[in-house]
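Rule-based calculations on the coordinates, nothing more; no lab input. Note that the coordinates shown come from a computational prediction; the quantities given were computed from them, not determined experimentally. Cβ placement follows ideal geometry from the backbone for every residue including glycine, while neighbour counts extend to all protein chains displayed.
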Amino acid sequence: MMNKRAKISTAVVMGFAAVCLSWTVVSMSAQAAPGVQEGFDWSGEKIYNRYNETPLQAMTGTDGTRTLNTFYERRQYPGSPPTIPHKVAKTFSGDTTKCISCHGRGGYDAELDAYAPVTPHPENENCFQCHVPVTTEKLFVETDWESVSPPKLGRSMMGGSPPPVPHSLQLREDCIACHTGPGAVAEIRVEHGSRGNCRQCHVPQVTTTTFERNN
Amino acid sequence: MKLNRRSFIKSAAAGSAIAAAGSIFPGISFANWKEQQDPSGQITWKKAPCRFCGTGCGVLVGVSGDRAVAVKGDPNCSVNKGLCCVKGFHVVQALYGKDRLRTAQVRRGGKMVEVPISEALDIIAAKMKETIKQTGKDSVAMYGSGQWTIPDGYVASKLFKGCIGTNNVEANARLCMASAVTGFMTSFGIDEPMGCYEDIEHADVFVTWGNNMAEMHPVLFSRMLASRKRRKNVQIIDLATRSTRSSQASDRSILFKPNTDLAVANAICYEIIRNDWVDWDFVKKHTTFHKGKTNIGYGTEDHFKFKDAPEDISFEEYKEFLSDYTPEKVEKISGVSALEIKYLASLYGDPSKKCTSFWCMGMNQHVRGTWINNLVYNIHLLTGKISTPGNSPFSLTGQPSACGTVREVGTLTHKLPHGVVMKEEHRKMAAEIWDVPLANIDPKPTYHTVEMFRALDRGDIRFIWIQVTNPMITMPNLNRYRNGALKDDRFIVVSDVYPTPTTDVADVILPAAMWVEQEGMFGNSERRTQHFDRIVPGPGETMSDTWQIIEVARRLGYEKQFPWGEDEYIGKIWEEYRRFHDSPKHNMAPYTVLKKRSGVQWPFVDGKETRWRFNSKYDPACKPGSDFDFYGKKDGKAWIWARPYEPAAESPDEEYDFWLNTGRVIEHWHTGTMTRRVPVLHRAVPESYVEIHPEDAMNLGVTNGEMVKIISRRGEVTMKASINGRGNPPRGMVFVPFFDETYKINEVTLDAFCPISKQPDYKKCAVRLEKA
Ligand code: SF4
């Protein structure tokens with residue numbers, strides 16, 4: 001069970017994560033507008049100027065359609081292989097070369113008007129082995145399936161400290177693939193991907209128990 | 001207002017920002033699964049083999065509270081090293097269909113009524129006693145499955161063969177693996193592959209014989225692709241009767257006409273000998289030549305009997321036999337060009353290339369299934385490409401425990417856990433371990449599966465207990481066998497997890513525990529035994545199939561043979577069963593080792609697994625000083641067989657002018673009782689269809705999705721056409737996936753079988769098509 005202090009720090013970090021979408025600094029100048037009092041402090045305008053000048057793509061990190069919500073909608077439990085949300089030809093065999101042309105490095109696809117998410121495991125060549133299309137929404141029989149909640153964001157132990165990796169790294173060892181770039185899910189996109197050595201700061205959380213001496 | 005691109009993006013983003021709040025503020029739920037309120041917030045991971053195919057991938061089942069909630073590939077399992085296929089990744093969802101059978105049901109006044117399970121077990125035991133008294137012990141039967149756990153099969157065999165004294169024990173693996181077994185027995189005298197999956201990382205050439213591995217053994221297929229990518233010089237040749245995803249991924253796709261793989265294999269051997277690519281050292285030391293009966297029939301009539309009469313022949317006689325199979329002659333029979341045959345032979349014949357052949361249902365569900373198994377072994381024996389890493393004739397298995405439960409435990413009419421009922425020394429061993437009088441075990445086999453259902457139809461069998469399988473979808477020529485099951489005076493008990501067309505004909509339904517709701521073991525294609533614990537409780541009154549049999553056995557008065565307690569029975573059964581295999585040729589790992597590891601290969605000798613059998617470098621059962629020792633045969637030599645090409649039981653003619661071929665798709669397991677209840681899998685392939693060549697469709701006047709009536713001499717099915725779909729049959733053939741109970745394609749298929757293995761051929765019969 002989480003103790004009180006941990007709860008507080010988590011809450012702080014959640015708030016922090018919500019506003020802390022960093023973007024490149026753009027130069028701004030305050031200007032006087034007609035009808036506004038002399039001596040008004042214009043520094044508060046900065047945020048609005050910045051908002052207007054930053055393309056939303058860079059702010060949300062996506063084309064606006066790929067969020068944690070859609071991310072989990074395509075999965076049955078945290079970590080399950082997602083279904084294919086777009087049309088694929090019936091004859092298509094799911095071989096990598098064709099999937100990889102979009103999902104290898106990402107990029108904008110005009111037909112779907114979306115940025116392709118990048119696969120973290122391009123070495124697996126038989127894509128249809130795990131990823132299948134959806135051809136109907138109807139079920140054969142209703143299901144009683146339940147799964148656990150997806151991991152919450154903002155699990156840092158202290159305000160601002162790097163959060164641990166909340167998911168298994170199996171098939172998802174490549175952090176850059178999912179956490180950077182315009183195809184990344186908005187809420188988990190980071191701006192410091194260029195640092196490269198992700199696990200220098202973010203370590204997998206493999207247990208929630210605390211250390212206890214047992215001798 | 002015209003939205004320019006940027007404002008479009010902005011408004012979309014605003015919408016998604018609200019949705020995104022769900023992930024940040026707890027309590028707002030999103031995504032399409034019901035979230036479990038788990039107080040600990042922890043998932044614990046427990047190992048198990050995947051429930052579905054014979055690949056036998058290891059999975060880690062994520063458990064929260066008393067529910068399975070997630071899956072990972074087991075990185076400790078050498079089969080799949082952490083990667084599953086889409087079925088494996090969603091296997092836990094198969095437990096949670098809303099219509100799980102939770103209580104026992106009994107037919108009263110034509111209606112099924114729920115009763116306590118103990119009452120249902122009483123009724124079963126009483127009915128068995130009564131039937132044995134009235135019509136004899138051979139009128140009660142057990143029909144099980146390659147999806148039975150090893151203990152399930154073991155107690156079934158012990159009860160029926162040891163205690164009741166009838167050999168009426170069969171399993172659906174007869175429909176899937178019997179030709180593989182008789183292939184091994186006739187060529188090597190001992191069952192199951194000599195190699196292991198590690199062959200995939202060593203082989204330079206893969207030939208898949210009628211085996212769409214991309215869909216049916218996907219994890220092995222991707223291992224093959226990964227090996228090709230890493231090592232560059234690897235080739236995959238797909239040899240099949242229709243084009244599939246495997247053909248698309250292969251370096252070369254070669255199509256042959258149905259049943260002519262026999263001729264192609266012989267032509268490859270002809271070429272190997274003509275070019276003197278024979279490994280003479282190997283052939284002289286380790287092989288002998290033989291022939292058997294020809295024109296052996298198809299078993300479509302009741303009481304069909306066949307016994308082969310093997311004769312020794314010389315190499316010269318074998319060579320003479322092959323002269324009918326020159327590439328040019330075989331081109332005419334098979335449609336494979338002489339050039340392609342020579343090319344295939346040159347790959348097998350090149351001493352610098354390691355060759356692995358893979359096959360499964362294409363060669364096994366074949367009216368000459370035993371023969372084609374023999375013939376592919378011939379290729380590997382002539383070139384000495386066997387039992388060494390990468391050189392492997394590899395017979396893959398379909399079901400998760402067809403090897404473990406049916407082939408190793410011997411749940412077939414002629415088999416015992418060690419050996420066969422016909423041999424006294426094997427009966428003696430069984431009687432001793434089972435603690436039953438020797439006279440109990442009947443030396444005469446009774447019915448193989450098709451004949452068992454014929455006997456049910458005729459009335460020779462009055463009581464049948466069906467576990468973990470769905471024969472009212474899977475029996476070929478289904479109409480006859482369903483009508484038989486529905487006759488008065490037939491008593492059908494079905495143990496299953498969901499309602500199926502087979503529970504529809506039942507007089508008693510027992511709700512079974514499924515997969516990790518019970519402890520058990522499976523045995524996969526590469527001689528790997530895989531233990532799993534009871535990881536989550538089953539719903540309602542569900543009970544493991546093993547325990548159901550034990551309960552009935554005790555009610556029949558066999559407490560002495562079934563003495564175990566509910567908390568220990570799996571371990572005790574395993575240790576008893578292991579005594580049957582106590583030799584370096586087949587030693588099984590102890591229970592404690594199985595519990596710890598993600599699968600252990602047998603023979604397990606002095607704490608070590610045997611990866612390549614018959615090769616003294618790896619296999620301690622080989623005679624000391626030998627290089628290879630095929631110890632299944634008395635003289636240590638493998639058999640090369642002269643087996644001719646013979647046509648299918650029913651070929652297209654003027655009236656019925658198409659071949660019908662049936663099979664699976666990656667998303668669905670067998671009859672779909674489990675996979676259709678997994679949302680992702682059902683949503684991907686919600687119904688079956690008939691694949692038809694575009695030109696045939698045009699002649700028929702149907703377009704994609706229009707209805708086609710498929711008619712044979714036995715029945716008809718009307719379903720949607722799939723043109724240029726996932727697979728593409730050649731002109732003159734249609735293909736139907738059999739998983740969909742709405743379209744019972746087996747009402748159309750033919751119950752012809754291989755006379756040696758008695759395994760039916762689901763891949764070939766004649767039909768005609770009509771636009772519906
Ligand atoms: S390949 Fe077979 S055993 Fe492996 S995950 Fe898929 S269905 Fe399960």
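In a DSSP loop and with at most 12 other Cβ atoms within 10 Å, the trypsin sites (Lys or Arg not before Pro) in the range B:183-256 are B:232.
If you place +1 on the Cβ of every Lys and Arg, -1 on the Cβ of every Asp and Glu, and leave all else neutral, what size is the dipole of the protein assembly as shown about its Cα centre, to the nearest 20 Debye? It would help to have the intermediate numbers written out before the result.
On the way: 121 positive and 113 negative charges, 273 e Å.
For the protein assembly as shown, the charge dipole is close to 1320 debye.
By other beta-carbon atoms within 10 Å, ranking A:140, B:306, B:282 with the fewest at the front produces B:306, B:282, A:140. Between the amide H of residue B:254 and those of B:238, B:239, B:240, distances stay under 5 Å, these residues lying 5 or more places away or on another chain, with hydrogens modeled in the peptide plane.
Please state the charge dipole magnitude for chain B, taken about the Cα centre, from unit charges on C-beta atoms (+1 on K and R, -1 on D and E), reported in debye and rounded to the nearest 20.
Details: 101 positive and 92 negative charges, 348 e Å.
It comes to approximately 1680 debye.
Shape descriptor for the range B:103-188: Rg over Rh equals 1.08 (Cα atoms; Rh from the Kirkwood inverse mean 1/r).
On the beta carbon distance between residue B:312 and residue B:560, with R0 = 56 Å, the FRET formula returns roughly 0.75. Distance between the modelled labels on residue A:138 and residue B:339, one decimal in nanometres: 4.9 nm (7 Å Cα→Cβ projection).
Report the full-extension gain for the segment residue B:606 to residue B:332: residue separation times 0.36 nm, less the Cα-Cα distance, to one decimal in nm. If you can, show how the numbers build up before the last one.
Values: separation 274, 0.36 × 274 = 98.64 nm, distance 5.33 nm.
Extra length available between residue B:606 and residue B:332 comes to 93.3 nm.
Take the Cα of residue B:699, go 7 Å toward its beta carbon, and the backbone nitrogen atoms of the range B:728-759 under 13 Å from that spot belong to B:730-734.
Measuring how big the range B:658-749 is from its alpha-carbon positions, Rg and Dmax come out at 12.8, 38 Å. Approximating the spin labels as points 7 Å out from Cα along Cα→Cβ, the residue A:121-to-residue B:230 distance works out to 1.5 nm.
For a footprinting-style exposure proxy, rank B:204, B:122 by other Cβ within 10 Å, fewest first. Provide the component values of the computation, followed by the final result.
On the way: B:204 19, B:122 15.
Neighbour counts put them in this order, fewest first: B:122, B:204.
Please find the FRET efficiency linking residue A:158 to residue B:593, where r is the Cβ-Cβ separation and R0 is fixed at 45 Å, and quote it to the nearest 0.05.
On the way: r = 45 Å, r/R0 = 1.01.
Once rounded, the FRET efficiency stands at 0.50.
Computed from label points 7 Å out along Cα-Cβ, the spacing between residue B:489 and residue B:303 is 1.8 nm. Between the range B:496-551 and the range B:165-228, what is the separation of their alpha carbon centroids in Å? Distance between centres, Cα-based: 25 Å.
Of all lysines in the structure, those lying under 16 Å Cα to Cα from residue B:342, and not within fewer than 8 positions of it along the same chain, are B:329, B:332, B:353.
When both the range A:93-154 and the range B:665-727 are represented by their alpha-carbon centers, they are found 24 Å apart.
Could you sort out which of B:47/B:415; B:284/B:634; B:47/B:423; A:90/B:709; B:617/B:637 sit more than 28 Å apart by Cα distance in this structure? Show your work: numbers first, answer last.
Working: B:47/B:415 31 Å; B:284/B:634 16 Å; B:47/B:423 39 Å; A:90/B:709 22 Å; B:617/B:637 17 Å.
Checking Cα-Cα distances, B:47/B:415; B:47/B:423 exceed 28 Å.
The Cα center of the range B:79-153 and the Cα center of the range B:248-319 differ in position by 40 Å.
On full extension, the segment bounded by residue B:130 and residue B:201 gains 19.9 nm, given 0.36 nm per residue less the C-alpha separation. When the Cα positions of B:357, A:175, B:523 are compared along the charge dipole of the protein assembly as shown, A:175 comes out farthest toward the positive end, with charges on each C-beta of Lys, Arg, Asp and Glu. Determine one quarter of the surface area of the Cα convex hull of the protein assembly as shown, which equals its mean projected area, and express it in nm² to one decimal. That works out to 47.3 nm², a quarter of the Cα hull's surface.
Sorted from fewest to most neighbouring beta carbons within 10 Å, what does the list A:137, B:130, B:519 look like? Display every interim value, and only then the final one.
Values: A:137 9, B:130 14, B:519 22.
Exposure proxy ranking, most exposed first: A:137, B:130, B:519.
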